[in-house]
Structures are given as structure tokens and as C-alpha cells.
Amino acid sequence: MMGRGCGYHPRLFKFHMTRTEHLLVILAEECGEVAQRAAKALRFSLEQIEPGQTLTNADRISREIADLWAVIEMLDDTGALRMPVNSRELVAKKRARIEEYFKLSRELGTLEDD
Ligand SMILES: [Mg+2]
């Protein structure tokens, strides 16, 4: 049993993480925030402004992406992540793959264009 005779005391115990570990937690949080804002936009539209807010869901998604990008840069700065030097090429490839899946979805009748 923890807490007795093993040097553990809940009031003394502090959970420490490294700066990189903190950044990874923040990375996960920001990914979640982007996902949450995207879901809200799907439910209520990109143009909707949530009561009590001043920004549209579209603007809020953009800001969450900026938050996410900041953490990515910090992880890259510390060397924890090594963003690919050919990231533009990877982005182009991903865009092409998405367009291929759009084509399939269109053929299956599950996608209508905006
Ligand atoms: Mg955020």
C-alpha cells in the first residue's frame, strides 16, 4: 500500500513534468480546442457567434490553430519535434490525398460541394 513506510506522503508529493512534457500536454489541449471549435462550427455554422462571444466560430477556429501552431513552434525550437524541412511538399501531398477522398465521396453521393 502506498503512503506508509515507503517515503510517500500525499502532502509532500509533487508531480513534476519537464518543459517538453508540459508542451506535449498543451499540444494535446490545443488539438482538443481546435476539434471542439470545428464541432461547434458544424453544429451551429462557421458564421455563428456564440452568445457572450465576439468572434465567429470561423475566427475562433483560426485562433485555436494559431495557439496550436505556437506550441508546435515551441516544441520545434526545443528540438523535441523536428518539423520536416519539406513540410510544404508534405502539405501538398496531404491536400492531394484529401482531394482524392473527396472524389470518392462525391462518387458515393456522400459529398456535395459548397
Ligand atoms: Mg487555445
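When segment 91-114 is examined, which residues are found to be surrounded by 12 or more Cβ atoms within 10 Å (Cβ to Cβ) and not in a loop (DSSP other than H, G, I, E, B)? Scanning segment 91-114 gives Phe102, Ser105, Arg106. Right, Pro84: surrounded by 10 or more Cβ atoms within 10 Å (Cβ to Cβ) and at pLDDT below 95 or not? It is true that Pro84 is surrounded by 10 or more Cβ atoms within 10 Å (Cβ to Cβ) and at pLDDT below 95. The set of residues in segment 56-90 being touching a residue at least 24 places away in the same chain (Cβ under 8 Å), in a loop (DSSP other than H, G, I, E, B) and polar (S, T, N, Q) is empty.
Pick out the one residue from His16, His22 that is assigned to a loop (DSSP other than H, G, I, E, B) and either over 30 Å from Asp114 (Cα atoms) or among the hydrophobic types (A, V, I, L, M, F, W, C) (or both).
His16
Looking at Gln36, is it assigned to a helix (DSSP H, G or I) and surrounded by 10 or more Cβ atoms within 10 Å (Cβ to Cβ)? Yes; evaluated as a whole, the condition is true for this residue. Counting just the residues of segment 52-77 that are of a type in the set (S, T, N, Q) and surrounded by 12 or more Cβ atoms within 10 Å (Cβ to Cβ), which one comes out nearest to the ligand (Cβ to nearest atom)? Ranking the qualifying residues of segment 52-77, first place goes to Ser62.
Any residue in segment 20-40 that's in contact (Cβ under 8 Å) with a residue 40 or more places away in the chain: show its pairings with residues that are among the charged types (D, E, K, R) and within 14 Å of the ligand (Cβ to nearest atom) at Cβ separation under 8 Å, as long as the two are six or more apart or on different chains. Partner pairs satisfying both residue conditions: Glu30/Glu64; Glu30/Asp67.
The values are calculated or read from the model by the stated rules, or taken from the named source; none is laboratory data. It should be emphasised that the depicted structure is a prediction, and the values quoted were computed from it without experimental measurement. Positions of Cβ are backbone-derived with ideal geometry, glycine not excepted, and every protein chain shown enters the neighbour counts.
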